[in-house]
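The numbers here are math on the coordinates, done by the rules we state, and not lab data. The model shown is predicted, which means the values in this text are computed figures rather than measured ones. All Cβ positions, glycine included, derive from the backbone under ideal geometry; neighbour counts span all protein chains shown.
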C-alpha cells in the first residue's frame, strides 16, 4: 500500500465508520498520546524499564496507531504525504550526503539493520 492509498483508505474508513474526522487539534493530541504509548513500549523493550504484569505490548500495533492519526491529520490539512516525503527525503539527501559518514561519533558502532537485513 502506498502512502496515497493509505490516505485514501483512512478517508474512506472515516466517512464510512467514523462519522467525521476529529478536529485537527484533537487529532494532534491523539497523535501525542499514541507516540507516548509507542515510547512506553520502546522504553520497556529496549530500555531499562520492565513491563507490568499483563501489560499489552504490541509494538507494530502502536506504530500503526501513530501512522493512522498522522494520515488523518494529513487528510484534514490537505497534505499529500507522498509528495511531502519525497521532498523531505531530497532535503535530507542534499543536506546530509556526507555529514553522517564524517561524524566521528558514528564510527566504530555496529550498523543498524535495515528492513532487508543490510546496513543502513
statement: Nearest-0.05 FRET efficiency for residue 96 and residue 12 at R0 = 25 Å, using Cβ-Cβ distance, is 0.10
query: Measuring from label point to label point, each 7 Å out along Cα→Cβ, what is the residue 52 to residue 5 span in nm?
result: 3.9 nm
- request: Could you quote the convex hull projected area for the stretch 26-96, Cα atoms only and averaged over all directions, in nm²?
  value: 6.5 nm²
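Report the calculated FRET efficiency for residue 19 and residue 82 (r = Cβ-Cβ distance, R0 = 22 Å), to the nearest 0.05. Don't skip to the end; give the middle numbers.
On the way: r = 27 Å, r/R0 = 1.22.
The value I calculate is 0.25.
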task: Evaluate the Kirkwood expression for the hydrodynamic radius of the stretch 1-40, namely the inverse of the mean inverse distance over all pairs of different C-alpha atoms, and round to one decimal in Å.
output: 11.5 Å
message: Using Cα-Cα distances under 8 Å and only pairs 6 or more residues apart, what relative contact order does the chain have, in percent?
response: 30 percent
- line: For the chain, one quarter of the surface area of the C-alpha convex hull, expressed in nm², comes to 10.6 nm²
